Amino acid sequence: MAMTDVLSAEDIKKAVGAFSAAESFNYKKFFEMVGLKNKSPEDVKKVFRILDKDRSGFIEEEELKFVLKGFTPNGRDLSDKETKALMAAGDKDGDGKIGVDEFATMVAES
């Protein structure tokens, strides 16, 4: 499954482009711009599964660094600071990774 099966290619392009500058990533604005906030819980889970590159059932810090590439291959890598901030926002139970329910909560709160 491709990200464009769930989200509009145009929205993805705009959202990724809006955060192309280093240290500019804001997950709340990104999820809203990419159209994820208005998707069904099932679609949010589909996006989670695409971002969970190693199929572990969790998005680990290493996968978060490449979250924009998960939406489009030409997305930039997040900085360590941005990655840690995103992990802190999403990891509600403090286990060092983001599960599907934590991801859905993060999207809903955006």
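The values are calculated or read from the model by the stated rules, or taken from the named source; none is laboratory data. Note that the coordinates shown come from a computational prediction; the quantities given were computed from them, not determined experimentally. Here the Cβ positions follow ideal geometry from the backbone for every residue, glycine too, while neighbour counts run over all protein chains shown. What goes into the accessible areas is simple: the full protein's heavy atoms, side chains included, and nothing from ligands, DNA or RNA. Shrake-Rupley method; radii C 1.70, N 1.55, O 1.52, S 1.80 Å.
How many residues are part of a loop (DSSP other than H, G, I, E, B) and either in contact (Cβ under 8 Å) with a residue 40 or more places away in the chain or surrounded by fewer than 19 Cβ atoms within 10 Å (Cβ to Cβ) (or both) if we restrict to the range 81-95?
Of the residues in that region, 4 qualify.
Considering the range 8-36 alone, what residues qualify as being under 20 Å from THR83 (Cα atoms) and basic (Lys, Arg)?
Matches in the range 8-36: LYS28, LYS29.
Show the residue pairs that are 6+ apart or on different chains and have beta-carbon atoms under 9 Å apart, the first residue being within the range 96-110 and over 13 Å from PHE30 (Cβ atoms) and touching a residue at least 60 places away in the same chain (Cβ under 8 Å), the second being of a type in the set (D, E, K, R) and assigned to a loop (DSSP other than H, G, I, E, B).
Correct list of pairs: ALA108/LYS37.
Show me the helices (runs of 4 or more DSSP H) entirely contained within the range 1-80 in which 2 or more residues are touching a residue at least 12 places away in the same chain (Cβ under 8 Å) and open to solvent by less than 20 Å² (accessible area, probe 1.4 Å).
9-18, 27-33, 41-51, 67-71
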